[in-house]
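Trainee: Just dropping this structure here.
The values are calculated or read from the model by the stated rules, or taken from the named source; none is laboratory data. All values derive from a computational prediction rather than experimental measurement. Glycine also receives a Cβ, built like all others from the backbone with ideal geometry; neighbour counts cover every protein chain displayed. The accessibility values were calculated without ligands, DNA or RNA, using every heavy atom of the protein model including side chains. Shrake-Rupley method; radii C 1.70, N 1.55, O 1.52, S 1.80 Å.
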Amino acid sequence: MRIEAVALTISLAILLSTMAGCTGISDDDDDGISNADDNCLGTPNPNQADTDTDGLGDACDDDDDGDGVADSDDALPLDPGEATDMDGDGKGDNSDGDIDGDGIGNGKDAFPTDPNESADTDGDGTGDNADDDDDDDGIADASDPFRLTPAAPLDSPGPFKVGTDDFTFTGSTGIEITVQAWFPTADLEGEAVIYDNIYPGGAWDGATPDCSQTHPVALYSHGTGYGLRWMSAFMTERLASHGFLVIAPDHVDDTLFDSDNAKLHQTLLRRPVDLSDTFDWMVGKSEGEREFQGCIDPSAGYAVMGHSGGGYTALTASGATISIDDLEADCGAGIDFYCSMRDTWMESHPGTDTIDLSDDRIWATVALAPWDAFVLGTGLRMVQTPTLVLTGDADATTNLSMVMAIVGNLEDPSALFGVLKNAGHYHFSPIGCDAYGCDDMLNLSISKEFTNESVTLFLAQQLQWPGANELSMPESTYVEWR
């Protein structure tokens, strides 16, 4: 019995040893999964992950998701629907709305796989960033005022569609000012404006400003006593078609709707301030997430234009001064208007001898049948900007001799002075012809086109637009340049 017991003990030990040996061999990669159950023999794959369910575990599968792209080349090796992630944002290119991560959605990106390009304005296959003539108009981007819009001849309507809208703001004088803005728009269609529900225009009312490019700014001032901000809309619309952003304020107490002659001494002092305030307002509108974000360069300043009393406003804003001594003399002659103007100014500017309402941000001046308000005189010598003056020889409101005296007081020998033959005061403000008649006078279409061509070319020359200085002011049998 003892021998048999010993033999049984030895046999049991051998069996246990054999079983232990077998247990160790059944997990070759030592990942806790027996060889019989392991989908990655020889490679640890403890969780037995098998993304593509091909029977080969992910740890030893060269293509985990089974999409035909090796894991080493697959940006998303566990997603069978994705293999590339160009911008490295963790989202596969097949489902990424912006493959190259340049901030432009694939649908709007002309080069969806090139993070350095997103637009090809002229469709030539070269992205705008690498193209030195984006709009293929023959003008290099470096000198092109609108590199994304092909240039148009300056003697015809420009290449931009024109939108318009009106706004209100409170100026520095505490008065609420209504302004009309004209601007290029990318809208494909729109409803033609009827200004103040009175006068039809050619711009699209309430359109969206196109601020993909910066635009030069021009401000317009209407006449005294009867004017409205849109009185020369034929010209402001034309300028906007050439890329200008034009803004015109209503001068409170001096419009067709609210004219108060008893306040004329005040409005004459406030008018140039209205222009300065209007430009400041537009600067604010071009910043942040606002209607005209990026539309203008505030440091570039603005051109100023005006008709009749708006001509006085434009010239005064451009530097023309008013002498306190002259006001004193006229006041002493018994003319109350000059006394009131002097007193109003001296109340807030005691000790001064000159009224100076200039804004040094102005770079050009256009005066249409201008009025000097009987206060400018030799103060016009202080105008420092290039100046264009247009008038008519049949003007009964600001007659030719009055306008010639204004021009004569300008010291700038390069000032341009054009006289339209048989044209009156309202040939620069056509609604006046509609209201008062311009019978037997120069056809309005001729005066409007001449004005549009002259003003557009003059401003383009001051901005040194390519080719502008090679052109001359329009000639016609109806005009005399003096």
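Trainee: For region 28-104, what are the per-bin percents of Cα-Cα distances with bins 10 Å wide, up to the bin holding the maximum?
Mentor: Bin by bin from 0 Å, the calculated values are 22, 35, 25, 13, 4, 0.
Trainee: When the Kirkwood radius is taken over all Cα pairs of region 57-163, what Stokes-Einstein diffusion coefficient follows at 10 °C and 1.306 mPa s, in µm²/s? Could you put the intermediate results ahead of the total?
Mentor: Working: Rh = 16.9 Å.
Approximately 94 µm²/s, per Stokes-Einstein.
Trainee: Still on this structure: Classify region 400-482 from the C-alpha gyration tensor, please: rounded if a/c falls under 1.5, else prolate or oblate depending on whether a/b exceeds b/c.
Mentor: Details: a/c = 2.20, a/b = 1.43, b/c = 1.53.
In terms of gyration-tensor shape, oblate.
Trainee: Under a straight-distance cross-link criterion of Cα-Cα below 26 Å, which lysines are reachable from Lys421, leaving out those fewer than 8 residues away in the same chain?
Mentor: Lys448
Trainee: Follow-up question, since we're still on this one. How many percent of the alpha carbon pairs in the chain exceed a separation of 29 Å?
Mentor: Across the chain, Cα pairs with separations above 29 Å total 61 percent.
Trainee: Treating the angle as unsigned and between 0 and 90°, give the value, to the nearest 10°, between the Cα long axis of helix 264-285 and the longest Cα principal axis of the chain.
Mentor: Orientation of helix 264-285: about 20 degrees from the principal axis.
Trainee: Rounded to whole Hz and in sequence order, give me ³J(HN,Hα) for region 69-74 from the Karplus expression 6.51 cos²θ - 1.76 cosθ + 1.60, θ = phi - 60°, writing x for Gly and Pro.
Mentor: With the stated coefficients, region 69-74 comes to 10, 4, 3, 5, 10, 9 Hz.
Trainee: In deg cm²/dmol, rounded to 500, what helix-only [θ] at 222 nm does the chain give when every DSSP H run of at least 4 residues adds -39500 (n - 2.57) and the total is split over its residues?
Mentor: Values: 9 runs with 121 residues, N = 482.
Counting only the DSSP helices, I get -8000 deg cm²/dmol.
Trainee: For a Förster distance of 30 Å, can you work out the FRET efficiency between the beta-carbons of Asn35 and Ser72, rounded to the nearest 0.05?
Mentor: Working: r = 27 Å, r/R0 = 0.90.
E between Asn35 and Ser72, to the nearest 0.05, is 0.65.
Trainee: Kindly express, to the nearest 10 degrees and within the range 0 to 90, the angle between helix 2-25's C-alpha long axis and the longest C-alpha principal axis of the chain.
Mentor: 20 degrees
Trainee: Provide the per residue accessible area, probe 1.4 Å, for the chain, rounded to a whole number of square angstrom.
Mentor: Details: 22310 Å² over 482 residues.
Ligands and nucleic acids excluded, the result is 46 Å² per residue.
Trainee: Return one number: the angle in degrees, 0 to 90 and rounded to the nearest 10, between the long axis of the Cα atoms of helix 336-348 and the longest principal axis of the Cα atoms of the chain.
Mentor: Taking the Cα atoms of the chain, the angle to 336-348 is about 40 degrees.
Trainee: Return the lysines within reach of Lys285: Cα separation strictly under 26 angstrom, same-chain partners fewer than 8 residues apart disregarded; answer none if there are no such residues.
Mentor: Straight-distance partners of Lys285: Lys161.
Trainee: Collect residues whose amide H, placed 1.01 Å from N in the peptide plane, falls under 5 Å from the amide H of Ala203; neighbours closer than 5 in sequence don't count.
Mentor: Close amide H contacts, sequence-distant or interchain: Val193.
Trainee: If one computes the Cα centroid of region 252-282 and of region 418-482, what distance in Å separates the two points?
Mentor: Each part's Cα centre sits 26 Å from the other's.
Trainee: Residue by residue through region 438-455, what is 3J(HN,Hα) from phi via Karplus (6.51 cos²θ - 1.76 cosθ + 1.60, θ = phi - 60°)? Round to whole Hz and write x for glycine and proline.
Mentor: After applying 6.51 cos²θ - 1.76 cosθ + 1.60, I find 10, 5, 6, 10, 3, 4, 4, 4, 6, 5, 5, 5, 4, 4, 4, 5, 5, 5 Hz.
Trainee: When we measure straight from the Cα of Lys263, which aspartates and glutamates land under 14 angstrom away, once same-chain ones fewer than 8 places off are left out?
Mentor: List returned: Asp253, Asp254, Asp336, Asp343.
Trainee: Further question: Expressed as a whole percentage, what fraction of the accessible surface of the chain belongs to carbon and sulfur atoms when a 1.4 Å probe is rolled over the protein heavy atoms? Don't skip to the answer; put the middle values down first.
Mentor: On the way: 11340 of 22310 Å².
About 51 percent, which is the carbon plus sulfur part of the accessible surface.
Trainee: Compute the normalised compactness of region 276-338: alpha-carbon radius of gyration over 2.2 N^0.38 Å, N being the residue count.
Mentor: Here the answer is 1.68, to two decimals.
Trainee: With θ taken as phi - 60° and the coefficients 6.51, -1.76 and 1.60, list the Karplus ³J(HN,Hα) couplings across region 248-259 in order, rounded to whole Hz; mark glycine and proline as x.
Mentor: Computed from phi, the couplings for region 248-259 are 9, x, 7, 8, 4, 6, 9, 10, 4, 8, 9, 4 Hz.
Trainee: Where the centroid of each part is defined by its Cα atoms, how far is region 70-135 from region 336-402 in Å?
Mentor: When both Cα centres are located, 58 Å separates them.
Trainee: Which shape class applies to region 143-263: rounded if a/c is under 1.5, otherwise prolate when a/b exceeds b/c and oblate if not, where a ≥ b ≥ c are the square roots of the Cα gyration tensor eigenvalues?
Mentor: Note, shape of region 143-263 comes out prolate.
Trainee: Name the shape class, rounded, prolate or oblate, that the alpha-carbon gyration tensor gives for region 305-369, where a ≥ b ≥ c are the square roots of its eigenvalues, rounded holds for a/c under 1.5, and otherwise prolate holds if a/b is larger than b/c and oblate otherwise.
Mentor: Judged from the Cα gyration tensor, region 305-369 comes out oblate (a/c at least 1.5, b/c at or above a/b).
Trainee: Here's another thing I want to ask about it. Along each of its three principal axes, how wide is the spread of alpha-carbon positions in region 223-326, in whole angstrom units, largest first?
Mentor: In descending order, the Cα extents are 44, 29, 23 Å.
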